[in-house]
1. Only loop residues by DSSP count here, and only those with at most 13 other Cβ atoms within 10 Å; note down the trypsin sites (Lys or Arg not before Pro) in the range 27-129 that meet that.
2. For the range 31-64 and the range 96-140, what is the separation of their C-alpha centers, rounded to whole Å?
3. Please report, in debye to the nearest 20, how large the charge dipole of the range 37-147 is about its Cα centre when each Lys and Arg carries +1 at its beta carbon and each Asp and Glu carries -1 there.
4. What distance in nm separates the simple spin-label points at residue 36 and residue 98, each placed 7 Å from Cα in the Cβ direction?
5. Obtain the nm distance between the two label points defined at residue 82 and residue 69 by a simple spin-label model: each point lies 7 Å from its Cα along the Cα-to-C-beta direction.
6. Pop the C-beta distance of residue 59 and residue 134 into the FRET formula with R0 = 30 Å and round what comes out to the nearest 0.05.
7. Does anything in the range 89-120 have its amide N under 18 Å from the 7 Å Cα→Cβ label point of residue 48, and if so which residues?
Amino acid sequence: MWNRRAILWSAALFTFFATTLPALAADPTGIWLTEDGEARVRIYRCGQDICGTLLSLKEPNDPKTGQPKLDKFNQDTSKHSRPIVGIDLMSGLKPSGTPDQWEGALYNPEDGNTYKGILTLQGLLNLKLQGCVLGGLICKSEIWKRAN
């Protein structure tokens, strides 16, 4: 009787993990460290979409002024005086039809441009980001590491 109970318990645990882990693997939400380690970004669900906010910078202040780094390259000049920590870097990311991949907009405060963005989970700990122009003909990518 004990063996049968152990077998049933093992089967139940296996079924639970087999059905739960694929759902966890396809979730990019959490805190991520950029490829260069200079920034932490929180990726979260915003309705049905995925969004991302710049949480912190390794060096949050401009060395020339000692003040917080500003969004001085933004195409919208009214946003030049806002600190970049706290701004949305990702918006409107939706499932692309490819497993573990989302497409939407990525904002780059280093040049003030918004790009077609593609996020692709690579396992549980890596996230590939691609920012593309010309309808996706030219893309730049980097790999972020999960921080939590």
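Derivation of every value follows stated rules applied to the coordinates shown; laboratory data play no part. What you see is a predicted model; the values in this text were computed from it and never measured. Quick reminder, even Gly has a Cβ in these numbers, built from the backbone with ideal geometry, and neighbours come from all protein chains shown.
1. Taking the range 27-129 and a limit of 13 other Cβ atoms within 10 Å, the loop trypsin sites (Lys or Arg not before Pro) found are 58, 64.
2. If we compute the Cα centre of each part, the gap is 14 Å.
3. 220 debye
4. For the pair residue 36/residue 98, the computed spacing is 2.5 nm.
5. For residue 82 paired with residue 69, the spin-label model returns 1.7 nm.
6. FRET efficiency, residue 59 to residue 134: 0.40.
7. 91-105
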